[in-house]
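Please treat every number below as a calculation from the coordinates, not as lab data. In this text the structure is predicted, and so the values were computed from the model without any measurement. Neighbour counts are summed over all protein chains in view; Cβ atoms, including those assigned to glycine, are modelled from backbone coordinates with ideal geometry.
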Amino acid sequence: MVSSTIVLLLLCAKVGKALATCNPGKTTCVTEDLLHMITRAVPTINDSNSKTDLERRPTFFASLKASQQTLYDIKDIVKFDDAKINIGGGYDSTTGIFTAPRNGIYIFSCTIVAVGGGDVQFQLNKNDQFYTGGYATKTNYGGQTVYSIVEVMTGDKVYIKHRTGSLQKVSGNHHSTFSGYLLSK
């Protein structure tokens, strides 16, 4: 864990140096502006509070362990049933819902893989409202990953749900995943 944190910090330091040549705010530098925001949010090794803040920062990663989940209805939530990381206890693998333990800007990532030959239409919801959508294609085990940056308040609920009323199957065996972490306050 410590070595991966050091590698991330060194990478961020290199990115920060590369950003010095970009003019912030220019349309061509949107990606660089986003990277600059992320590097400012990552605490440095010299920050005496960085370790405790990182240990408390809500973070989760869950995958669909079952071989597949069949979605029948537009109300169906994908239940990523194997929470490998759940710092802060915000993710509930029985419901598939992340409940924010702290206010802040979070990054969520979802990868959905469709069972061979099928497709899956899905969406990320915040408090029962559509936030962003995705579509795993009809190719043989086609998949899609969607990243979302979301401002949430304590108690807000974020989850992945079915986007259509037709029967669709999500591939499991740890191919489909849902994760999130607090980026900044």
| request: Name all residues of the range 136-152 having a backbone nitrogen under 13 Å from the label point set 7 Å from the Cα of Asn173 along its Cα→Cβ direction, giving them as ranges. | output: 141-142
| Residue-span extension gain [Asp81 to Gln129] - 0.36 nm each, minus C-alpha spacing | 15.0 nm
| What does a probe at Asn140 reach in the range 102-121, counting residues whose amide N is under 19 Å from the point 7 Å along Cα→Cβ? | 113-120
| Distance (nanometres) between label positions extended 7 Å along Cα→Cβ at Lys65 and Lys185 | 3.5
